[in-house]
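As structure tokens, the structure follows; a few thoughts come after it.
The values are calculated or read from the model by the stated rules, or taken from the named source; none is laboratory data. Keep in mind that this is a model prediction, so the values were computed, not measured. Glycine also receives a Cβ, built like all others from the backbone with ideal geometry; neighbour counts cover every protein chain displayed. Just the protein is used for accessible areas: all its heavy atoms, side chains included, with ligands, DNA and RNA removed. Shrake-Rupley method; radii C 1.70, N 1.55, O 1.52, S 1.80 Å.
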Amino acid sequence: MMANVTSVPTQETVMAKIAVNFDLCESNAVCMQVAPKYFEVRDDDFLYILQEEIDEADAATVQEAVDRCPKQAISIEP
Amino acid sequence: MRYIAIVGASLAGYRAAQTLRREGFDGTITLIGDERRRPYDRPPLSKKVLAGEAEPESIVLERSGDDLGIEWRLDERAVSFDASGLALSLERGGELEADGVILACGARPRPLPGTDGILGVHLLRTLDDSLALREALTTGVGPRRLVVVGAGFIGAEVAATARGLGCEVTVVEALDRPLARVLPPVLGQVCADVHTDQGVDLRLGAGVDGFDTDDGSISAVRLSDGSSVEADLVAVGIGVVPNTEWLDGSGLTIDNGVVCDETTLAAPGVVAAGDVARWPNRRFGESMRVEHWDNAVSMGQHAARRLLAGDGGVDLVYEPVPYFWSDQYDRKIQLVGRVGPDDQVQVIDGSIADRRFVALIGRDGQLVGAFGMNRPPAVQRWRTRLEEGMSWDDALALASEGS
Ligand SMILES: Cc1cc2nc3c(=O)[nH]c(=O)nc-3n(C[C@H](O)[C@H](O)[C@H](O)COP(=O)(O)OP(=O)(O)OC[C@H]3O[C@@H](n4cnc5c(N)ncnc54)[C@H](O)[C@@H]3O)c2cc1C
Ligand code: SF4
């Protein structure tokens, strides 16, 4: 017998997202140093975004990466 | 605190204003700057803007969505300050009394003695300077002949960009090696080689003795070794001086910069940040004034928080690991830490000959820095280790594991 699961409405958490303008990015890896959970510059010299959605607890850290990016290539989209 | 005045509308000042708002300060912020323009970014002035690859509009610091509600006082200069009363006098706009003051008035290039009034001699600090230099490098018949005086980072970038524009470039440096007071010899040498590789005529150990002019315009630079270099224009990059003259009589301590405590506080209600600020960096046990972009950002942020914290901010110690980058030709140079010419150097990755490597820098058994050419991620990983602190032996052991 299947349990009668009451459907819980999915929580409407609108998460802020990371956007990088790759035309501006010069792979200097500053963002990676500030927020390694979200950014990684690999040995191929390209920047990879490891996680787009910003966890609430990391908002300040990601903001720090935005401010410290020498090319102003990162933005946070609501 | 209801009213904060910031002197200097550039990187440190703007980042400070942003931070004040983020920290919830909803009083008045007055941002005073003696340039006409809204804050813009300087590193592109010797790179993409000079090369004509980036438009001036692309380097503004304000981003869409930045709504800081700033009271702008541009094209306005602070001419004196009384730190005990937090009172500023402005050149055009009278007096101003604030509850808190952030000094972010930066530095300006040191002029080359003897060049006063000679046409074709350029300094580089502002957007207008960059546009004027670009104009000079790209007009005229045939390749322009540029002499760069000073082989520091800004001079080196101007040389690189000018080569890219097809100019004939001579770099004149009074010391025997570029950056001889800043970097260990082997690293200064590779910075030099990057230029000779590209056909720059590098004259080391050559002081400037005088100038020849033709109808008021520069025509040659005479060197201390008796030689002379013909020039259509000269770019001077012999360092900067902090903008502190207007603070004489303010009650603040001025000593090659505005002297702050470990927390960036210069006096009650007064903080300083960026190129103008000197403070004891506890991490390195050294008083420093750092002329790097990244420091202007993080110190601007820190100083804003320190100011808001008031008497409760005595524990907000500012102890960063400095970070600097420079782009020359297709080389990305990065330096983290605090290094000096006598430090030991160990290349741990890549090779100097390939101009792609990472070198660790150590002193007294401690890791104190890392220098990289075209190895940005590796250098940034070492910055994290520098922040955590690491002995020289542990650093070498870690490096030999290949990480
Ligand atoms: C061409 C160039 C290339 C660079 N490249 C790099 C690089 O590749 N990497 C790197 O790390 N760093 C680089 N830098 C250094 C970096 O730009 C500076 O460290 C940074 O600009 C410092 O910011 P600041 O806000 O402290 O000072 P500043 O940018 O100097 O700003 C101070 C502002 O205050 C104004 N001011 C001064 N006195 C007064 C007064 N009394 N009243 C009102 N306004 C006043 C000044 O006019 C100026 O607008 C470069 C600098 C230049 C010039
Ligand atoms: S800090 Fe900016 S320029 Fe550097 S890798 Fe990250 S996004 Fe790219």
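Each row is one residue, and each column tells you yes or no for (1) within 9 Å of ligand 1 (Cβ to nearest atom); (2) modelled with pLDDT under 95; (3) within 14 Å of chain A (Cβ to nearest Cβ).
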| position | (1), (2), (3) |
| --- | --- |
| B:GLU291 | yes, no, no |
| B:ALA296 | yes, no, yes |
| B:PRO320 | no, no, yes |
| B:GLN328 | no, no, yes |
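Which residue, of B:ASP232, B:ASP201, is open to solvent by 40 Å² or more (accessible area, probe 1.4 Å) and in contact with a Lys or Arg (Cβ under 8 Å, 6 or more places away or on another chain)? From the options B:ASP232, B:ASP201, the qualifying one is B:ASP232.
Determine if the range B:67-78 includes at least one residue that is within 16 Å of ligand 2 (Cβ to nearest atom), in a loop (DSSP other than H, G, I, E, B) and within 14 Å of chain A (Cβ to nearest Cβ). Please lay out each step first, then the result.
Restricting attention to the range B:67-78, the residues satisfying the condition of being within 16 Å of ligand 2 (Cβ to nearest atom) are none.
Within the range B:67-78 (the criterion being within 16 Å of ligand 2 (Cβ to nearest atom), in a loop (DSSP other than H, G, I, E, B) and within 14 Å of chain A (Cβ to nearest Cβ)), the answer is no, since none of the residues qualifies.
Within the range B:213-224, count every residue that is open to solvent by less than 50 Å² (accessible area, probe 1.4 Å) and either part of a helix (DSSP H, G or I) or not small (Gly, Ala, Ser) (or both). Of the residues in that region, 3 qualify. Candidates in the range B:130-157 are the residues that are assigned to a helix (DSSP H, G or I) and closer than 26 Å to B:LEU204 by Cβ; of these, the one that is most open to solvent (accessible area, probe 1.4 Å) is B:ILE154. The single residue among B:GLY210, B:GLY199, B:GLY188 that is over 23 Å from the mean Cα position of the chain (by Cα) and not in a strand (DSSP E or B) turns out to be B:GLY199.
Checking each residue in the range A:27-75 for being in a loop (DSSP other than H, G, I, E, B) and buried (at least 17 other Cβ atoms within 10 Å of the Cβ) picks out A:SER27, A:ASN28, A:ALA29, A:ALA35, A:TYR38, A:ILE54, A:CYS69, A:PRO70, A:LYS71, A:GLN72, A:ALA73. The residues on offer are B:ARG331, B:ARG356, B:ARG375, B:ARG338, and the sole one that is open to solvent by less than 40 Å² (accessible area, probe 1.4 Å) and of a type in the set (Lys, Arg) is B:ARG375. The residue that is nearest to B:PRO341 (Cα to Cα), counting only those in the range B:158-198 that are open to solvent by less than 10 Å² (accessible area, probe 1.4 Å) and among the β-branched types (Val, Ile, Thr), is B:VAL190. Mind listing whichever residues of the range B:335-383 are aliphatic (A, V, I, L, M) and free of Cβ contacts under 8 Å to residues at least 12 places away in the same chain? Across the range B:335-383, the qualifying residue is only B:ALA353.
Residues are listed down the side, and each one gets a yes or a no for (1) under 23 Å from the mean Cα position of the chain (by Cα); (2) within 16 Å of ligand 1 (Cβ to nearest atom); (3) in a helix (DSSP H, G or I):
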| position | (1), (2), (3) |
| --- | --- |
| B:GLY350 | no, no, no |
| B:PHE357 | no, no, no |
| B:LEU360 | yes, no, no |
| B:ALA370 | yes, yes, no |
| B:ARG381 | yes, no, yes |
| B:ASP394 | no, no, yes |
| B:ALA399 | no, no, yes |
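Scanning the range B:15-65 for residues being in a helix (DSSP H, G or I), within 10 Å of chain A (Cβ to nearest Cβ) and open to solvent by less than 50 Å² (accessible area, probe 1.4 Å) gives a total of 6.
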